[in-house]
1. Under 6 Å between Cβ atoms, which residue pairs at least 6 apart in sequence (or on different chains) link something in the range 34-49 that is in contact (Cβ under 8 Å) with a residue 40 or more places away in the chain with a partner that is surrounded by 11 or more Cβ atoms within 10 Å (Cβ to Cβ)?
2. Return the only residue of LYS52, LYS21 being at pLDDT below 95 and charged (D, E, K, R).
3. If a residue has to be loosely packed, with under 10 Cβ neighbours inside 10 Å and of a type in the set (A, V, I, L, M) to count, how many in the range 6-50 make the cut?
4. Of the residues that sit in the range 28-74 and are of a type in the set (Gly, Ala, Ser) and within 15 Å of the chain's Cα centre (by Cα), which one is farthest from ARG17 (Cα to Cα)?
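The values are calculated or read from the model by the stated rules, or taken from the named source; none is laboratory data. Because the structure is predicted, anything quoted here is derived from the model rather than measured. Don't worry about glycine lacking a Cβ; one is built from the backbone with ideal geometry, like all the others, and counts go over all protein chains shown.
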Amino acid sequence: MAKPQELTEGQRAYEARRAAKAGMSLEKWLVEKEKRAKADAADAAREAEAEKAKEPERKGWFGRLLDKAHQPLK
């Protein structure tokens, strides 16, 4: 999230309305928003890593055919 100095006037007004609706100051709202964004990114990364480690990638039919072709004849 952008620092309060980096927000345009429209962005600042929008965030100020959201902060007022939540009953917070603008600065506190921006800090909380940044914390939520970091936590969401960390959760997404953890989920992606768990999904990747869950099951090995299966070979397609051509890959299986090549594996059989490289095996010695019986």
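1. From the range 34-49, no pairs qualify.
2. LYS52
3. 1
4. Only one residue fits best here, namely ALA50.
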